[in-house]
Amino acid sequence: MGAGPMMLIGSAMQAVALLLYLFFDSLSSPWVIAGLFGLFQGGIVPRYAVIIRQFLPTREAGARISLVLTATVLGMACGGLAAGFIYDATQSYRLAFLHGLLWNLVNLALIGWLLVWSKWRRRSHAVRVG
């Protein structure tokens, strides 16, 4: 199937996990949902390296992988911090999880664009060569 479509599926599953937080209020549901979210996140992060290697020359891959993984870690840290600020300001976890869901949708849009762009690029290259 390829790294890009698998990244899209993993990110969509992560968005669903974030969406689940909005519908459950019991004490046990956050533990189950957090486990699902962690499994999906654990599948997404290593895939960044595969995608970078797929789309960039080898000489650029090391620096780009480091940059993307650093951005991923900073994004997770800032996301948690922002969610805490949102909760402190509103006393609502719903808005904090909605914030995370919106950023996940941005990630989905970027991955979708990358997949469409790469197919378009291959198709236009094949037309020029052929």
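The values are calculated or read from the model by the stated rules, or taken from the named source; none is laboratory data. All figures in this text were calculated on a predicted structure; none of them were measured in a lab. So basically every Cβ, Gly included, is an ideal-geometry build from the backbone, and we count neighbours across all protein chains shown. Each accessible area value is taken on the protein alone, full model and side chains, heavy atoms only, with ligands, DNA and RNA left out. Shrake-Rupley method; radii C 1.70, N 1.55, O 1.52, S 1.80 Å.
About the Cα centre of the stretch 30-130, how large is the charge dipole given +1 on each Lys and Arg Cβ and -1 on each Asp and Glu Cβ? Please answer in debye to the nearest 20.
Values: 10 positive and 2 negative charges, 149 e Å.
Its charge dipole is roughly 720 debye.
Compute the distance in nm between two label points, each set 7 Å from the Cα along the Cα-to-Cβ direction, one at residue 41 and one at residue 90.
2.0 nm
Helix by helix through the chain, keep the DSSP H runs that span 30 Å or more along the axis on Cα and average at least -0.5 on Kyte-Doolittle, and give those back in order.
Working: long enough: 29-55 (39 Å, 0.98); 58-90 (47 Å, 0.89); 93-129 (54 Å, 0.45).
Helices meeting the span and hydropathy rule in the chain are 29-55, 58-90, 93-129.
Heavy-atom accessible area per residue, the chain, 1.4 Å probe: how many Å²? If you can, show how the numbers build up before the last one.
Numbers: 8740 Å² over 130 residues.
Result: 67 Å² per residue.
At a 1.4 Å probe, what is the % contribution of carbon and sulfur to the accessible area of the stretch 75-124? Let's see the in-between values first.
Details: 2660 of 3590 Å².
On the stretch 75-124, the fraction of accessible area on carbon and sulfur atoms equals 74 percent.
Rg/Rh for the chain: what does it come to with C-alpha atoms and Rh from Kirkwood?
Working: Rg = 17.4 Å, Rh = 16.4 Å.
Across the chain, the Cα-based Rg/Rh ratio is 1.06.
So if I take the centroid of the Cα atoms in the stretch 73-102 and the same for the stretch 1-67, what is the distance between those two points in Å?
Rounded to whole Å, the Cα centres lie 18 Å apart.
Using only alpha carbon pairs under 8 Å that are at least six residues apart, calculate the relative contact order of the chain and give it in whole percent. Walk me through the numbers on the way to the answer.
Numbers: 81 pairs, mean separation 43.4, N = 130.
Relative contact order for the chain comes out at 33 percent.
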